[in-house]
Amino acid sequence: MRINVTLAGIATLLAASHAGGAQSTGLDRPLLDSAFRRAAALPRMRSLLVARDGRLVRERYYHGASREAPHNIKSASKSIISALVGIAIEQRLIGSVRQPISPFFPNELATAENRAKRAITIEDLLTMRSGLETTSFYNYGQWVNSRNWVRFALAQPMIGEPGGEMIYSTGSSHLLSAILTRVSNMSTWQYATRYLAQPLGITLPQWQRDPQGIYFGGNDMLLTSRAMLAFGNLYLRRGRAADGRQLVPAWWVDSSFVSRTRSGWSGNEYGYGWWSRRLGGHDAHFAWGYGGQMIFVVPSLSLTVVMTSDPESRSREGDHLDALYDIMDQFIVPAAR
């Protein structure tokens, strides 16, 4: 039997396969096409990946980005720190989310004036409700240029009650990294690599550390877009890897998606390191990093979406972030419905 395969024929087969992939996952192709066209028109956009039931449906890279290059995911790192805390609680390295943080910082919180600070719990750090003045925004530069990031974060004045209103602060996530380092006898990077990255089959490069050698908790982690997708799919499967292993406790994933506070400046709800909002009529939970580094999980549609953007933009997200939400709200989520 003789088979003639022309270049045009190969192209036709590939096109049919691509179209069939979208249809077999129940995604509306015209809406999906519109989403990717909209993304391509955004000058800050770097990648867009869409997966259904854990299967990658389509991916595109823009403005010099590539599949292989790791990307600074900025504060989306906080969602990974949250996952590590859940693993540590399951391993009984941390008692529970109700555990006060004072035993982990006996020197920093020893004085009488720190009595209110000794009431801060693990949950307060996870939900940005420590009551401590923020180390982000106007205090960020002074904090990361200090000689001791942990001491600086804990030395901030109490401007609220523990468990009260949300005060967004990367210092809270960094305190969690310090706690993970102390209870595991490993660096946060080693712990994350052993219990999260390696079992997922992804690479987590080393990232910035503070002057005491503690890995930056909640900022500047480096992941490829596909690694971000693997992490999102892990949460879509309630903590199970593709091979069935339970990496993050299912109860922790469920708890992380529960709204426990609301941001006064974004309007988004916040759980244990994950944001939530309605998109396209469905509850979407997402990791969010400065500039537009996003991992969306929409459990009701078995949908996972990754978006990366220029992480070094000097201007706030503004219109770009609104455009990312619009892509989800108007095109990708409706395509999955």
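Derivation of every value follows stated rules applied to the coordinates shown; laboratory data play no part. Because the structure is predicted, anything quoted here is derived from the model rather than measured. So basically every Cβ, Gly included, is an ideal-geometry build from the backbone, and we count neighbours across all protein chains shown.
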**Asked** What order do you get for 68, 269, 90 when you list them from fewest to most C-beta neighbours inside 10 Å?
**Response** 68, 90, 269
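May I ask for the percentage of alpha-carbon pairs in region 34-141 that lie more than 25 Å from each other? Let's see the in-between values first.
On the way: 2772 of 5778 pairs.
Considering region 34-141, 48 percent of its Cα-Cα pairs are separated by more than 25 Å.
Can you show me the helix-derived [θ] at 222 nm for the chain, built from DSSP H runs with n ≥ 4 at -39,500 (n - 2.57) apiece and divided by the number of residues, rounded to the nearest 500. Kindly include the intermediate steps, with their values, before the conclusion.
Values: 12 runs with 112 residues, N = 337.
Computed ellipticity for the chain at 222 nm equals -9500 deg cm²/dmol.
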**Estimated translational D of the chain in µm²/s (Stokes, Kirkwood radius over Cα pairs; 10 °C; 1.306 mPa s)** = 77 µm²/s
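Below 8 Å between Cα atoms, with a sequence gap of 6+, how large is the relative contact order for region 33-336 in percent? Show your work: numbers first, answer last.
On the way: 598 pairs, mean separation 73.0, N = 304.
The normalised contact order for region 33-336 reaches 24 percent.
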**Message:** Within 10 Å of each candidate Cβ there may be at most 13 other Cβ atoms; applying that plus a DSSP loop requirement, which chymotrypsin sites (Phe, Trp or Tyr not before Pro) in region 196-296 survive?
**Reply:** 265
**Request:** For residue 55 and residue 319, compute 0.36 nm times the residue count separating them, minus their Cα-Cα distance, and round to one decimal in nm.
**Result:** 92.0 nm
**Complete:** The rounded separation in angstrom of the Cα centers of region 185-234 and region 282-337 is 21 Å
**Prompt:** Using Cα pairs under 8 angstrom and six or more residues apart, how large is the relative contact order of region 68-227, in percent?
**Reply:** 32 percent
